[in-house]
Amino acid sequence: MQTELLKPKYKQVLRDFYAQLRDFYTQLRAIRVDQLERKWIAISMLVIGLFVGIITIDAFFHGVNPPSKVETIDSASLHLNKEFAEDNLGVQVDAKGNVIIRMVAGRYSFFPKHIEVPAETPLTFRWVSMDVLHGVHIPMTNMSSMIVPGYVAEITTTFPKPGEYPVLCNEYCGLGHNHMWSNLSVIAKEVWSAPVKSPAKGGSNNE
Ligand SMILES: [Cu+2]
């Protein structure tokens, strides 16, 4: 009974809305827009469309997603987790020759404290947090990501030039946040050699 009464009301609302839309369009058409301005509006729309298209194709066809919130992990038992156990952290080269770096962020450091990676080589970084939300930022490179507890943040990047880089936390994680950092040495490709067994124990950074 009630729905029967509401139906004409909805129809009226829709009709009003349509009328307003039509008015708005007529008003819009009446505005004099310069020919040049029209061109720029069209170019802007094209650029926006192009970007939305690229993002859509990358997301759905190439599987390009934000670095975090893709793979889950239990942050409370990282030490029991084979991949992120203390002995397994740091730089490793897998069977296919890919360089993989596993790092744990915890209040207030990144573990291991110091790593050495080759320049001009694709590096896959896998970051996890053992406690709260952290971030990782390596200035003057494109390495920047949140490290959300419960998720693995995986980023593949290449450092073009050898040098010393600080690894900084860029998400406020507590009172010691501003002391949370570690070192990354990018070494010339020819000089770098893969660690035989991950020497990283988190602490010593002397050669
Ligand atoms: Cu922090």
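Within segment 162-193, restricting attention to residues that are within 17 Å of Ile138 (Cα to Cα) and charged (D, E, K, R), the residue that is farthest from the ligand (Cβ to nearest atom) is Glu164. Answer with yes or no whether Ala153 is within 13 Å of the ligand (Cβ to nearest atom), out of contact with any helix residue (DSSP H, G or I) (no Cβ under 7 Å at 6 or more places or on another chain), in a strand (DSSP E or B) and among the hydrophobic types (A, V, I, L, M, F, W, C). Taking the combined requirement at face value, the residue does not satisfy it.
The sole residue among Ile155, Ile115 that is at pLDDT 90 or above and crowded, with 16+ Cβ neighbours inside 10 Å is Ile115. Set side by side, the residues Ala200, Ala194, Ala95 differ, and just one is under 22 Å from Ser77 (Cα atoms) and modelled with pLDDT under 90, which is Ala200.
All conditions but one from (1) out of contact with any strand residue (DSSP E or B) (no Cβ under 6 Å at 6 or more places or on another chain); (2) at pLDDT below 90 apply to Lys189; the one that does not is (1). Figure legend. Inter-residue proximity from segment 118-140: first residues on the phi > 0 side of the Ramachandran plot, second residues assigned to a loop (DSSP other than H, G, I, E, B) and surrounded by fewer than 17 Cβ atoms within 10 Å (Cβ to Cβ), beta-carbon distance below 8 Å, spacing 6+ or different chains. Indicated pairs: Glu120/Thr158; Glu120/Pro160; Glu120/Lys189. Of the residues screened, Leu175 is one that is surrounded by fewer than 18 Cβ atoms within 10 Å (Cβ to Cβ) and either within 27 Å of Thr72 (Cβ to Cβ) or at pLDDT below 95 (or both).
Between Val104, Val136, Val128, Val132, the distinction of being modelled with pLDDT of 90 or more, surrounded by 11 or more Cβ atoms within 10 Å (Cβ to Cβ) and out of contact with any Phe, Trp or Tyr (no Cβ under 8 Å at 6 or more places or on another chain) belongs to Val132 only.
The values are calculated or read from the model by the stated rules, or taken from the named source; none is laboratory data. Predicted, not measured: the structure shown is a model, and the values here were computed from it. Counting neighbours? That spans all protein chains shown, and the Cβs are built from the backbone with ideal geometry, glycine included.
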